[in-house]
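The next block holds one structure in the form of structure tokens; read it before the comments.
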Amino acid sequence: MMTTQDNILLKTALKMRHEKEFKASNRILKKLDAKYPLNAYIQYQYAWSFDILGQEREAVPHYYAAIDNNGLESVDLENAYLGLGSTLRSIGSYDESLDILSKGTELFPTNNALKVFKGMTLYNLKRFKESTTILLECLIETSEDTDIKSYTKALELYSQDLDQTF
């Protein structure tokens with residue numbers, strides 16, 4: 001259980017991040033991490049703070065801790081999977097990224113950002129057909145563009161097998 005003072009510190013760190021004071025926010029989160037290493041929410045926020053600073057490799061263990069400590073609310077857990085999967089992809093850990101993003105899409109099947117990052121990771125793994133299928137399905141599902149919408153049926157057909165000819 002966090003003290004009242006530490007809760008205030010956490011709110012201060014999040015406010016500082018919102019105000020683009022990323023390094024100061026990270027320093028506060030570092031102190032909280034030292035005091036509460038099993039607090040999933042602090043781990044998640046600390047990981048995020050490293051991502052914002054462009055220190056992706058430092059973020060990875062904290063994302064894992066946030067997910068593994070089973071204390072995140074659903075929306076934060078969803079974002080932790082996205083953050084970890086995206087971060088792993090950005091540092092070239094494609095297989096690990098795919099594992100995390102696949103688990104994330106299983107847990108949160110309506111999250112299109114997870115699907116898109118999974119599609120990008122599949123591309124990095126040279127699994128182009130699967131990648132394109134996922135990305136086209138997301139485009140079809142989310143686009144409000146009238147030109148895209150007018151080709152929905154064709155895109156749905158093509159998304160299943162781009163190599164097929166008629």
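The values are calculated or read from the model by the stated rules, or taken from the named source; none is laboratory data. All values reported here derive from a predicted model rather than from experimental measurement. When we count neighbours, we look across all protein chains shown, and the Cβ atoms used for this are built from the backbone with ideal geometry, even at glycine.
Within segment 114-166, take every residue that is aromatic (Phe, Trp, Tyr) and assigned to a helix (DSSP H, G or I) and give me the one that is farthest from the chain's Cα centre (by Cα).
Within segment 114-166, the subset aromatic (Phe, Trp, Tyr) is 117, 123, 128, 151, 158, 166.
Within this subset, residues satisfying the condition of being assigned to a helix (DSSP H, G or I) are 117, 123, 128, 158.
Details: Phe117: 8, Tyr123: 17, Phe128: 21, Tyr158: 28 Å.
Selected residue: Tyr158.
Select, from Tyr64, Tyr46, the only residue that is surrounded by fewer than 19 Cβ atoms within 10 Å (Cβ to Cβ) and at pLDDT 95 or above. Don't jump to the end; show me each part of the working.
On the way: Tyr46 fails: surrounded by fewer than 19 Cβ atoms within 10 Å (Cβ to Cβ).
Only one candidate qualifies: Tyr64.
Hey, among Tyr158, Tyr81, which residue is among the aromatic types (Phe, Trp, Tyr), within 29 Å of Leu38 (Cβ to Cβ) and in contact with a helix residue (DSSP H, G or I) (Cβ under 8 Å, 6 or more places away or on another chain)? Don't jump to the end; show me each part of the working.
On the way: Tyr158 fails: within 29 Å of Leu38 (Cβ to Cβ).
Criteria check complete, one pass: Tyr81.
Being β-branched (Val, Ile, Thr) and not in a helix (DSSP H, G or I) is the filter here, so list the residues in segment 57-113 that pass it.
Just the residues of segment 57-113 that are β-branched (Val, Ile, Thr), to begin with: 60, 67, 75, 87, 91, 100, 105, 110.
Selection gives Ile91, Thr110.
Could you tell me which residue of segment 84-98 is surrounded by the fewest Cβ atoms within 10 Å (Cβ to Cβ), considering only residues that are hydrophobic (A, V, I, L, M, F, W, C) and farther than 23 Å from Asn39 by Cα? Full working, then the answer.
So in segment 84-98, the residues hydrophobic (A, V, I, L, M, F, W, C) come out as 84, 88, 91, 98.
Subset that is farther than 23 Å from Asn39 by Cα: 91, 98.
Numbers: Ile91: 13, Leu98: 21.
Step by step, filter segment 84-98, then rank; the result is Ile91.
Just checking, which of Thr152, Thr110, Thr165 is of a type outside the set (D, E, K, R), out of contact with any Phe, Trp or Tyr (no Cβ under 9 Å at 6 or more places or on another chain) and either surrounded by 21 or more Cβ atoms within 10 Å (Cβ to Cβ) or in the same structural domain as Pro37 (by TED's automatic domain parsing) (or both)?
Working: Thr152 fails: either surrounded by 21 or more Cβ atoms within 10 Å (Cβ to Cβ) or in the same structural domain as Pro37 (by TED's automatic domain parsing) (or both); Thr165 fails: either surrounded by 21 or more Cβ atoms within 10 Å (Cβ to Cβ) or in the same structural domain as Pro37 (by TED's automatic domain parsing) (or both).
Every option except Thr110 fails the conditions.
Enumerate the pairs (first residue in segment 146-164 and farther than 14 Å from Ile134 by Cβ and at pLDDT 90 or above; second residue anywhere and in a loop (DSSP other than H, G, I, E, B) and not charged (D, E, K, R)) with beta-carbon separation below 8 Å, excluding pairs fewer than 6 apart on the same chain, so at least 6 apart or on different chains.
Lys149/Ser143
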